[in-house]
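Below you'll find the structure, written out as structure tokens, and then a few comments.
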Amino acid sequence: MSENANQERLSLLSELIKMARADNEIREVEFNFLLAIASQLGVTKNEFKQLFEQYIEFAPPKVEFDRILQFHRLVLLMNVDQQIDEKELDYIRNVGIRMGLHPNATAEVLRIMEDYENNIVPPNRLIEIFKTFHN
């Protein structure tokens, strides 16, 4: 795997960790979710542990679909503990902007998530929202 691809994976995971810390507490369910994402991304347990100690510069995915996927992960992580903090919402909005996602699309996802069980917006609905606001 190229160094750039590895940095992108670590950056994605680092952003998720920062999101989990937005409310100043990482609950066990959040940690387990992060660990599962790390595994999916092929990040070793040592690399994962290091992410809690070191700063990784944010490198948003180049492909829009991957940026939407990362946004979806953030929303899932925010909801995994069944407690939504305003700091988490602000963090997600900010990351969405930094990733170049349409602010109205991210706002719509955050608005409608309450309409779904466990606040989990189905992936097809999420993609539909982003297509609506696509330039």
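Since every read-out is calculated from the coordinates, none of them should be taken as a lab result. Computed from a predicted structure; not experimentally measured. Don't worry about glycine lacking a Cβ; one is built from the backbone with ideal geometry, like all the others, and counts go over all protein chains shown.
Report the local net charge at Val43: Lys and Arg +1, Asp and Glu -1, summed over other residues whose C-beta lies under 12 Å from its C-beta. Taking every Cβ under 12 Å from that of Val43, the sum is +1. Distance between the pseudo-spin-label points of Glu28 and Ile127 (7 Å out from Cα toward the beta carbon): 3.6 nm. Rounded to the nearest 20, the Cβ-based charge dipole of region 1-72 about its Cα centre (Lys and Arg +1, Asp and Glu -1) stands at 100 debye.
Would you look at the GNM of the chain, springs on alpha carbons closer than 10 Å, and say which of Met99, Met78, Met113 moves the most? Checking each option, the largest mean-square fluctuation is seen for Met113. Exposed loop sites here mean GluC sites (Glu not before Pro) with a DSSP loop assignment and at most 12 other beta-carbon atoms within 10 Å; the chain contains its longest site-free run at 58-135.
Only helical runs count toward this figure. For the chain, summing -39,500 (n - 2.57) over DSSP H runs of n ≥ 4 and dividing by all residues gives -21000 deg cm²/dmol at 222 nm.
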